[in-house]
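Inspection log for the structure reproduced underneath, given as structure tokens.
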Amino acid sequence: MADNSKERWFQIALWSAAGLYAWSCFIIWVGPEWGLSSRLFYLTGVLPAVVGVFAMSAAVGLHIDICEQKE
């Protein structure tokens, strides 16, 4: 993969993880107040957090690869 492509995917993965984590924190905070069912709470709060973990793992891997290539 080209360096500029790795940089682009790193930014996408990093910002995706940040957005998903922020959304999950928001839902976990206000979900009980809104009376979300357990299934809806899981779909809107827990699953985005899990996907955020995968996005952050991809971002860390790309960052390590980018740093190793610059050396």
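The values are calculated or read from the model by the stated rules, or taken from the named source; none is laboratory data. Everything numeric in this text was worked out from a predicted model, so none of it was measured. Glycine gets a Cβ as well: all are built from the backbone with ideal geometry, and neighbour counts include every protein chain shown.
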Does region 52-65 contain any residue that is in a helix (DSSP H, G or I), among the acidic types (Asp, Glu) and without any contact (Cβ under 8 Å) to a residue 40 or more places away in the chain?
-> no
Any residue at all in region 56-69 that is modelled with pLDDT of 95 or more, polar (S, T, N, Q) and out of contact with any strand residue (DSSP E or B) (no Cβ under 9 Å at 6 or more places or on another chain)?
-> yes
Since GLY35 meets every condition but one in (1) of a type outside the set (D, E, K, R); (2) in contact with a Gly (Cβ under 7 Å, 6 or more places away or on another chain); (3) loosely packed, with under 13 Cβ neighbours inside 10 Å, which condition does it not meet?
-> (2)
Taking GLU33, is it more than 11 Å from the chain's Cα centre (by Cα), under 21 Å from GLN69 (Cα atoms) and in a helix (DSSP H, G or I)?
-> no
Among (1) part of a helix (DSSP H, G or I); (2) free of Cβ contacts under 8 Å to residues at least 40 places away in the same chain, where does MET1 come up short?
-> (1)
